[in-house]
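The values are calculated or read from the model by the stated rules, or taken from the named source; none is laboratory data. Keep in mind the model is a prediction, meaning the values are calculated, not measured. Here Cβ is always computed from backbone atoms with ideal geometry, including for glycine, and neighbour counts include all displayed protein chains. Ligands, DNA and RNA are excluded from the accessible area calculation, which covers all protein heavy atoms including side chains. Shrake-Rupley method; radii C 1.70, N 1.55, O 1.52, S 1.80 Å.
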Amino acid sequence: MAADRIDGKAFAEKLRARVGEQAAKFEQAAGRKAGLAVVLVGEDPASQVYVRSKGKAVLAANMNGFEHRLAEDTSQEDLLALVEALNADDAVDGILVQLPLPAHLDDQAVIAAIDPDKDVDGFHIANAGRLAVGQTGFVPCTPLGCMMLLADRLGDLSGMEAVVIGRSNIVGKPMAQLLLDANATVTIAHSRTKDLAGVVRRADIVVAAVGRAEMVKADWLKPGATVIDVGINRLPAGEGEERGRLVGDVDYGPASEVASAITPVPGGVGPMTIAVLLRNTLVAAYNHAGLDQPEGL
Ligand code: NDP
C-alpha cells in the first residue's frame, strides 16, 4: 500500500494563517507590528529568491519586513555595524542574515553578533546551547518544521528509533536534539557512517538531510517507517523529462511503497521553513514587548 503523503505545504499554510492572526492581535496589544529584518549581502541568485519570498511572507503575516541589501564587497566592519544597529532597533524583533555570506566575510562572527533574543534562525551559539541543555530558545526553522510534521503525524515519539542522516549545525544536529527531547532513541548518521542502509533500516523515523539526490533507497527502509526528506536537489540538465526537476534525498516513488508516510519534494519540508521563521519572529516579538505568548504558537 502506498504511503501517506505528508502535506507540508498545507500544514505550512495553516501555520502561516495562524501566525498572521496572532500577529494582528500582537499589533493591537503592543501598539506596533512585529518586525523581521533580513540582511542580504551580494547577488547570489538563490539567496535573492529566498529573501524575496521571506519578505512577501512577512508582509502577508501582518508583520513588518525590513530588507537590507548590501553590496558584495561590504566589509565585515560595516556588516557588524548594521547588525549592532538592528540589535538596538526597537522596531526589529527578529534578525536574519541570509547565508552563505561572500567568502571574505566570517559567517560565525556575524551570527555571534546577533542578539540571541532576536536570533530567529536559531544559529547563535547561545540558542544552540539552550537547545542542547533543554532550555527554551530559538530553534532553527527547518528542523523545528520537521518536528511539527512528525508530532502531527505520530503524536508521542517516545521510544521510537529515529535516524537522522546529516549532522550540519542548521539541520542534522538540531533535528537530533529535538528528537532526543521528544524521547526518541536517536542515531545521527553522516558521510563516515558504516553500513548506512543497515542503520537506516532500524528506524521508525528517518530524517534525510544530506543534499544527495535520491540517495536513500526503498530497500533501506523498515516497512512502515515515517520519512522526512529535507533534501533539495536539482537533477542535472539533459536527462530528458527529468531535466532540472527538484528531488529530495529519498527515492520517493519506490520509498513510498515501503514507508507508511513520507514528505514529498517539493511540497514537504520546504514550505515549513518560512512558516516557522514567521512563528519564531512572532515569539521574539512577544518576548521583546514583554507580553505573554498566546497558546499554541
Ligand atoms: P550540509 O552539506 O551542511 O550537510 C550534509 C550532511 O550530509 C553532512 O553531515 C554530511 O556528512 C552528510 N553526508 C554527505 N554525504 C553523505 C553520504 N554519502 N552518506 C551519509 N551522509 C552524508 O547540508 P545541510 O544540512 O545544510 O542541508 C542538507 C540538505 O537539506 C540539502 O539538500 C539542503 O539543500 C537541504 N535543506 C533544505 C532546507 C529546507 O528548507 N527544506 C533548509 C536547509 C537545507 P559529513 O558531516 O560527514 O560531511
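Points to keep in mind about this one:
- Residue count for segment 1-32, restricted to those that are basic (Lys, Arg) and without any contact (Cβ under 8 Å) to a residue 12 or more places away in the chain: 1
- Given (1) in contact with a His (Cβ under 9 Å, 6 or more places away or on another chain); (2) in a helix (DSSP H, G or I); (3) under 22 Å from Gly42 (Cα atoms), index of the condition Leu80 fails: (1)
- Segment 247-270 - residue that is part of a helix (DSSP H, G or I) and either buried (at least 21 other Cβ atoms within 10 Å of the Cβ) or of a type in the set (Asp, Glu) (or both) and, of those, nearest to the chain's Cα centre (by Cα): Gly270
- Test result for Arg212, open to solvent by 50 Å² or more (accessible area, probe 1.4 Å), in contact with a Leu (Cβ under 9 Å, 6 or more places away or on another chain) and of a type in the set (Lys, Arg): no
- Count - residues of segment 135-174 that are touching a Phe, Trp or Tyr at 6+ places or on another chain (Cβ under 9 Å) and either of a type in the set (Phe, Trp, Tyr) or assigned to a loop (DSSP other than H, G, I, E, B) (or both): 4
- Extreme residue, modelled with the lowest pLDDT, among residues of segment 29-55 that are over 22 Å from the mean Cα position of the chain (by Cα) and open to solvent by 10 Å² or more (accessible area, probe 1.4 Å): Glu43
- Residue within segment 279-295 that is more than 10 Å from the ligand (Cβ to nearest atom), open to solvent by less than 10 Å² (accessible area, probe 1.4 Å) and over 30 Å from Gln22 (Cβ atoms) present: no
- Of the set (1) more than 16 Å from the ligand (Cβ to nearest atom); (2) closer than 28 Å to Gly224 by Cα; (3) among the β-branched types (Val, Ile, Thr), all apply to Thr142 but (1).
- Lys173 vs. criteria over 23 Å from Tyr252 (Cβ atoms) and exposed (fewer than 15 other Cβ atoms within 10 Å of the Cβ): no
- Residues (open to solvent by 40 Å² or more (accessible area, probe 1.4 Å) and closer than 26 Å to Ala85 by Cβ) located in segment 1-28: Glu27
- When each of Arg153, Arg167 is tested for being of a type in the set (Lys, Arg) and within 14 Å of the ligand (Cβ to nearest atom), the lone residue that passes is Arg167.
- The numbered conditions (1) in contact with a Cys (Cβ under 8 Å, 6 or more places away or on another chain); (2) over 22 Å from Gln76 (Cβ atoms) are all true for Asp121 except (2).
- Restricting attention to segment 197-240 and to residues that are among the charged types (D, E, K, R) and touching a residue at least 40 places away in the same chain (Cβ under 8 Å), the residue that is nearest to the ligand (Cβ to nearest atom) turns out to be Asp229.
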